[in-house]
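Student: Below is the structure I would like to discuss, written out as structure tokens.
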Amino acid sequence: MNPVSLHAEFTTLNFELITTDSGSNARAGKITTAHGEIETPIFMPVGTVGSVKAVTQEQLHDAVKAEIILGNTYHLYLRPGLEVLSLAGGLHKFNGWNKPILTDSGGYQVFSLAANRKIKEEGVVFQSHIDGSRHLFTPENVMDIQRTIGADIIMAFDECPPYPSEYRYARKSMELTHRWLDRCIQRLKDTQPAYGHEQTLFPIIQGSTYKDLRAASAAYIASSDCAGNAIGGLSVGEPEGEMYEMCGLVCDILPKEKPRYLMGVGTPWNILENIALGVDMFDCVMPTRNGRNGMLFTWNGVINIRNKRWATDFNPIDENSPCFATRDYSRAYLRHLFVAGEILGMTLASIHNLAFYLELVKEARRQILAGTFATWKTGMVNQLKTRL
């Protein structure tokens, strides 16, 4: 079965591949959207309900230097709801973020509600985690919802199988994802954007950790001719080696002239390893979630700021960072905030981690442009894993 194709005239996203590293498949590029440019490789802070937890939009812009953030269709659909978002003029105006936004289709959230949802060809019936009310997500209405949210990049509705999955289930899930993709594309062709800028669709590769399924899914997704492509269903419990193997396999199949987005990944070293395989875009809740629990990622390794060893360490988290949260507050003070249960501690740790992730991908880009990424990455991965 041939996929429905979404040709370039239906999108406003442009990707320029600037260079590829001589020692790896790492790429430096630039994505242009209606709300601005994004230099790749890029990390995207996760703002599930229209807010990156504990961080203001001003802090995201000025301190973190974020170029694009995420929202989630499932959560925004349930709260604040489509009526509010429509009246506001879309998510950009509702949350005051004037740079690009990407929305996940909600597939992962719906399928994580294993006890409270039913999958069928039409779509998925699920119960709200808020009040237990029943709802139906189909490829068509998920496209309509994302039209109403108004993100620059939107995701196709897919099924994300758990890890591990039996081969037969993974294949059926992948085939359903492909059929749903065709319906997503057709719906976008049949509808118009709500706020004067187009929503650019990224389809999602599935197939669990089976090489033949991943290869088949990558080929199907590539032939849909969308402006970018996503890799889903990884970092869901499989060993890191399997994640890298699946990612490398599909990157070899996906078109080089389009951006590649690895969903939900991951640690700083995961990001560098996958950049080396040819991935351009990343997102993960790890920098904010772990930050709120006192785990800090730094150029020298990982810090648990609650440990007593930091109680009299008056050095900044990283004095060479341009981020105020990293440069202007000592480790001792941040530890004090966590021990005392002060909310400021969670905010500063979240800002620090996000800023570090953005600094990491920007440095990776500089190394790619200089032709030194592969050598730099090898040493950096081991350093980043160090527990301080």
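The values are calculated or read from the model by the stated rules, or taken from the named source; none is laboratory data. Here the structure is a predicted model, which means the values were calculated and not measured. Cβ: placed from backbone, ideal geometry, glycine included. Neighbour counts: every protein chain shown. These accessible areas exclude ligands, DNA and RNA; they are computed on the full protein's heavy atoms, side chains included. Shrake-Rupley method; radii C 1.70, N 1.55, O 1.52, S 1.80 Å.
Student: If you take the residues of region 150-164 that are out of contact with any Phe, Trp or Tyr (no Cβ under 8 Å at 6 or more places or on another chain) and modelled with pLDDT of 95 or more, which of them is nearest to residue 224 (Cα to Cα)?
Tutor: 152
Student: Test of understanding: among 384, 358, which residue is hydrophobic (A, V, I, L, M, F, W, C), out of contact with any Ser or Thr (no Cβ under 9 Å at 6 or more places or on another chain) and touching a residue at least 12 places away in the same chain (Cβ under 8 Å)?
Tutor: Numbers: 384 fails: out of contact with any Ser or Thr (no Cβ under 9 Å at 6 or more places or on another chain).
The unique qualifying residue is 358.
Student: Then there is this: Tally time: how many residues in region 141-184 are closer than 26 Å to residue 237 by Cα, open to solvent by 10 Å² or more (accessible area, probe 1.4 Å) and without any contact (Cβ under 8 Å) to a residue 40 or more places away in the chain?
Tutor: 5
Student: Counting just the residues of region 301-323 that are within 14 Å of residue 388 (Cβ to Cβ) and at pLDDT below 95, which one comes out surrounded by the fewest Cβ atoms within 10 Å (Cβ to Cβ)?
Tutor: 318
Student: Then there's this: Restricting attention to region 41-64, report how many residues are open to solvent by 10 Å² or more (accessible area, probe 1.4 Å) and part of a helix (DSSP H, G or I).
Tutor: 6
Quick grid of which residues meet (1) surrounded by 23 or more Cβ atoms within 10 Å (Cβ to Cβ); (2) touching a strand residue (DSSP E or B) at 6+ places or on another chain (Cβ under 9 Å):
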residue	(1), (2)
191	no, no
214	yes, yes
226	yes, yes
233	yes, yes
240	no, no
258	no, yes
267	no, yes
281	yes, yes
285	no, yes
